[in-house]
1. Only one of (1) at pLDDT below 80; (2) over 19 Å from the mean Cα position of the chain (by Cα); (3) not in a loop (DSSP other than H, G, I, E, B) fails for Lys34. Which number is that?
2. Which count do you get for residues in the range 49-78 that are open to solvent by 60 Å² or more (accessible area, probe 1.4 Å) and among the aromatic types (Phe, Trp, Tyr)?
3. Return the pair list, or none, for Cβ contacts closer than 6 Å from residues in the range 46-75 that are closer than 15 Å to Arg86 by Cα to residues that are open to solvent by 100 Å² or more (accessible area, probe 1.4 Å) and modelled with pLDDT of 95 or more, at least 6 apart or on different chains.
4. Please specify each residue of the range 64-111 satisfying the condition of being of a type in the set (Phe, Trp, Tyr) and over 15 Å from Ile51 (Cα atoms).
5. Restricting attention to the range 79-111, which residues are of a type in the set (D, E, K, R) and open to solvent by less than 50 Å² (accessible area, probe 1.4 Å)?
6. Which residue pairs have Cβ atoms closer than 7 Å, lie 6 or more positions apart in sequence or on different chains, and pair a first residue in the range 80-99 that is modelled with pLDDT of 90 or more with a second residue that is hydrophobic (A, V, I, L, M, F, W, C) and loosely packed, with under 15 Cβ neighbours inside 10 Å?
Amino acid sequence: MAKNKKVSPLAKALLETAGDMRKAGLMDKATHEKITLRHLGATVAPKTHPITGPQIRAMRERAQLSQAVFTRYLNLTVGYVSQLERGAKQPTGAALALLNVIKRKGIEAIL
């Protein structure tokens, strides 16, 4: 469903019922999220936390990757990752989201 599209009264009732079923333990989290995403779209962005240059470098080194290989996996430029690691720039958007995934789950999560 598009962001601009209003949620119908029927969809609101469905979402409320699904929420109550989730709270009562009658519906698992995955099913509830599927219903929510289907009717509301991905309106709630995953939480991302700021990542410092030394943290980015440590993640890359822990994965035993050169900057060139690391940037290829992230679809970024070597210059940009170099700036991130030096602290000259802060990651934002998709780069920050990917780095948060790597931080939580390791490089294997994106390979």
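1. (2)
2. 1
3. Partner pairs satisfying both residue conditions: Gly53/Arg86.
4. Once the filter is applied, which keeps residues that are of a type in the set (Phe, Trp, Tyr) and over 15 Å from Ile51 (Cα atoms), the range 64-111 yields Phe70, Tyr73.
5. Glu85
6. Leu98/Ile110
The values are calculated or read from the model by the stated rules, or taken from the named source; none is laboratory data. Predicted, not measured: the structure shown is a model, and the values here were computed from it. Please note: Cβ atoms are built from the backbone with ideal geometry, for glycine as well, and neighbour counts cover all protein chains shown. Please note that ligands, DNA and RNA were not included when accessible areas were found on the heavy atoms of the full protein model with its side chains. Shrake-Rupley method; radii C 1.70, N 1.55, O 1.52, S 1.80 Å.
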